[in-house]
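For reference, the structure discussed in these notes is given below.
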Amino acid sequence: MSDWNQIRRRFEQAGQGHVLTHWDDLDADARSTFQAQLEDVDLDLIVRLAGELLETGQAAVPKLEPAPVIREPRPDEAADWGMMRSEGEETIRQGKVATFVVAGGQGTRLGYDGPKGCFDITPVHGKSLFQWHAEKIVAIRERYGVSIPWIVMTSHANDEATRAYFDQQDGFGLPAEDLIFIQQAMMPAVDAAGKLLLAGRDRLFLSPNGHGGSLLALRTSGALDQLRERGIEEIFYFQVDNPLLRMLDPAFIALHRRETAEMSSKVVAKRSPDEKVGVVGLIDGQHGVIEYSDLTPEQMQERDAQGRLRYNAGNIAIHLIRRDFIERLTEGGTFELPYHRAHKKIPHLDDSGRLVEPSEPNGYKFETFVFDALRLARHSVTLEVPRELEFAPVKNALGEDSPESSRDALTELFRSWVESSELDLDVSKASAVEIAPAVALDRDDFIRRVAAGEVEPTDVSTS
Ligand code: UD1
């Protein structure tokens with residue numbers, strides 16, 4: 001551990017000596033945990049970010065263009081993606097793909113007190129997001145007779161609770177060696193003057209460093225090495241909040257590999273010009289995502305010759321990322337994506353040691369975003385998929401992208417499976433329909449299994 005006076009000097013020289021205001025009041029234990037926390041802070045980075053905060057000049061506006069998009073045919077369209085699917089299935093069967101969920105966020109908008117993955121979501125049985133993802137992974141493992149590592153990224157804010165939940169559920173039947181927990185790093189926050197905020201007399205205010213932190217966390221945790229040793233070539237990246245996602249979609253895998261892409265993305269056509277999703281586009285000629293809050297009102301409304309929104313490729317945060325691409329980026333154990341800042345209400349101690357709960361945004365959190373790595377990929381594929389088959393996230397407590405809208409989307413999906421099959425079951429009046437991943441993974445799978453007599457009406461749950 002470095003010398004205490006050295007740390008004090010470093011913080012003072014960086015103009016952040018105020019974090020030690022209460023040092024003399026702390027007992028030995030508190031001092032030692034605080035010291036360890038301070039040693040972890042990348043002060044040069046904080047000084048740089050705080051400096052940028054105070055800059056007044058106008059940043060250059062990047063040039064935005066739509067990205068080339070491949071559109072997946074809908075189930076009722078003639079085009080045959082059968083070959084593509086078989087190719088992707090072969091890659092899965094060969095054990096070359098791992099899954100990776102980012103679940104380190106705090107889910108503040110949903111107002112749920114706990115890791116979002118523990119939130120109950122399925123329409124009939126109320127299975128949690130984690131359980132639902134796990135059941136899909138288990139079903140795919142069984143289907144292809146292959147082990148599929150599942151990496152779960154947590155953050156300091158929810159790591160303990162997430163692991164306890166998985167333990168309590170016996171890892172959803174997944175073998176321990178296939179369940180890999182990694183933790184992303186945390187970042188301090190600053191006030192409008194660029195000063196670090198304290199959460200207590202003996203600790204800084206910290207929050208997760210954004211899902212962009214996942215790439216370095218894969219490296220520093222040793223997970224990347226494990227994946228290489230196991231022959232994994234592709235990492236299927238997804239967010240914990242979308243129960244509709246098609247886990248390890250074989251067509252996406254095949255397309256990404258055919259194009260020798262290093263990082264690829266799935267998108268859906270935006271629901272409306274002001275839908276709160278990022279847009280995959282070309283930013284100064286390179287693939288990237290522009291957040292909805294960064295689109296100008298004109299860009300949001302702009303339409304092409306066919307009347308479609310010009311910036312229509314809504315980011316659903318599903319990516320395929322080559323393992324060796326992450327290895328290249330994080331070589332030497334360092335890697336930085338650009339930091340984005342968010343103006344937030346941050347509870348903190350004031351100079352007199354009083355806890356302040358602000359009613360207006362008072363400080364800045366810094367996060368990096370995984371999609372900023374798209375710019376660094378040698379090739380990238382953007383696949384547009386039907387929203388009703390792949391994207392129904394749980395973001396808000398009520399209204400759009402809420403538990404209710406997400407459950408409805410699951411019900412509609414399963415209702416459509418039953419109605420396009422020959423199963424002797426009327427689900428037209430059911431208010432909720434649920435089909436477990438163990439029964440079928442997608443519509444074609446369901447139709448085929450019904451036709452083969454492998455599915456009974458009792459395999460479909462309704463209420
Ligand atoms: C995100 C995307 C947006 C996309 C939308 C689709 C960003 C900045 N924007 O928006 O382009 O259209 O999803 O659903 O991501 N997470 C971590 N660690 C963190 C922060 C977040 O693991 O430090 C995880 C969360 O647990 C969650 C996911 O990342 O699984 C998304 O985070 P969230 O903040 O909800 O993103 P959105 O604003 O909804």
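Odds and ends about this structure:
- In the range 393-435, the residues that are more than 16 Å from the ligand (Cβ to nearest atom) and either of a type in the set (D, E, K, R) or modelled with pLDDT under 95 (or both): GLU404, ARG407, ASP408, GLU412, ARG415, GLU419, GLU422, ASP424, ASP426, LYS429, GLU434
- Qualifying residue in the range 72-91 (condition: at positive phi and open to solvent by less than 30 Å² (accessible area, probe 1.4 Å)): no
- Residue within the range 200-209 that is out of contact with any Phe, Trp or Tyr (no Cβ under 6 Å at 6 or more places or on another chain), surrounded by 23 or more Cβ atoms within 10 Å (Cβ to Cβ) and under 23 Å from ASP372 (Cα atoms) present: yes
- Those residues of the range 233-269 which are among the basic types (Lys, Arg) and open to solvent by 30 Å² or more (accessible area, probe 1.4 Å), in sequence order: ARG246, ARG257, ARG258
- Test: residue in the range 123-133 that is open to solvent by 70 Å² or more (accessible area, probe 1.4 Å), assigned to a loop (DSSP other than H, G, I, E, B), more than 16 Å from the ligand (Cβ to nearest atom) and within 23 Å of ILE435 (Cβ to Cβ): yes
- The single condition among (1) open to solvent by less than 10 Å² (accessible area, probe 1.4 Å); (2) of a type in the set (Val, Ile, Thr); (3) in contact with a His (Cβ under 7 Å, 6 or more places away or on another chain) that VAL102 does not satisfy is (1).
- Pair list, Cβ under 7 Å, 6 or more apart: the range 405-434 residue in the same structural domain as LEU244 (by TED's automatic domain parsing), other residue assigned to a helix (DSSP H, G or I): none
- Members of the range 210-232 that are open to solvent by less than 10 Å² (accessible area, probe 1.4 Å), of a type in the set (A, V, I, L, M) and within 16 Å of the ligand (Cβ to nearest atom): LEU215, ALA217, LEU218, ALA223
- Only listed residue being within 30 Å of GLY353 (Cα to Cα) and either modelled with pLDDT of 95 or more or not in a loop (DSSP other than H, G, I, E, B) (or both), chosen from ALA98, ALA139, ALA161: ALA161
- Condition met for ARG48 (open to solvent by 30 Å² or more (accessible area, probe 1.4 Å) and within 16 Å of the ligand (Cβ to nearest atom)): no
- Within the range 170-206, being within 16 Å of the ligand (Cβ to nearest atom), in a strand (DSSP E or B) and in contact with a His (Cβ under 9 Å, 6 or more places away or on another chain) holds for GLN183, MET186, LEU206.
- Filter pass, ARG163 being free of Cβ contacts under 8 Å to residues at least 40 places away in the same chain and either in contact with a Ser or Thr (Cβ under 8 Å, 6 or more places away or on another chain) or of a type in the set (Lys, Arg) (or both): yes
- Among residues of the range 283-295, those that are more than 16 Å from the ligand (Cβ to nearest atom) and either among the basic types (Lys, Arg) or touching a strand residue (DSSP E or B) at 6+ places or on another chain (Cβ under 9 Å) (or both), counted: 2
- Within the range 346-372, residues that are of a type in the set (Lys, Arg) have Cβ atoms under 6 Å from residues that are not in a helix (DSSP H, G or I) in these pairs: LYS365/ALA189; LYS365/SER207; LYS365/ALA342; LYS365/LYS344, counting only partners at least 6 apart in sequence or on another chain.
- When ARG85, ARG93, ARG71 are checked against the criterion of being under 28 Å from ARG310 (Cβ atoms) and of a type in the set (Lys, Arg), a single residue qualifies: ARG71.
- In the range 87-114, the residues that are among the basic types (Lys, Arg) form Cβ pairs under 6 Å with partners that are modelled with pLDDT of 95 or more and within 13 Å of the ligand (Cβ to nearest atom), at six or more places apart or across chains, as follows: ARG109/LYS395; ARG109/ASN396.
- ARG74 being basic (Lys, Arg), in a loop (DSSP other than H, G, I, E, B) and more than 24 Å from the chain's Cα centre (by Cα): yes
- Of ARG303, ARG323, ARG378, ARG308, all but one fail to be free of Cβ contacts under 8 Å to residues at least 24 places away in the same chain, assigned by TED's automatic domain parsing to the domain that holds THR220 and away from the ligand (no atom under 15 Å from the Cβ); the exception is ARG303.
- First in the range 14-33 and closer than 18 Å to LEU197 by Cβ and in the same structural domain as VAL190 (by TED's automatic domain parsing), second anywhere and open to solvent by 60 Å² or more (accessible area, probe 1.4 Å) and of a type in the set (Phe, Trp, Tyr), Cβ under 7 Å, 6 or more apart: none
- Residue within the range 334-341 that is away from the ligand (no atom under 14 Å from the Cβ), charged (D, E, K, R) and either part of a loop (DSSP other than H, G, I, E, B) or open to solvent by 20 Å² or more (accessible area, probe 1.4 Å) (or both) present: yes
The values are calculated or read from the model by the stated rules, or taken from the named source; none is laboratory data. Keep in mind that what you see is a predicted model, and the values were worked out from it rather than measured. Don't worry about glycine lacking a Cβ; one is built from the backbone with ideal geometry, like all the others, and counts go over all protein chains shown. SASA here: full protein model, heavy atoms, side chains in, ligands and nucleic acids out. Shrake-Rupley method; radii C 1.70, N 1.55, O 1.52, S 1.80 Å.
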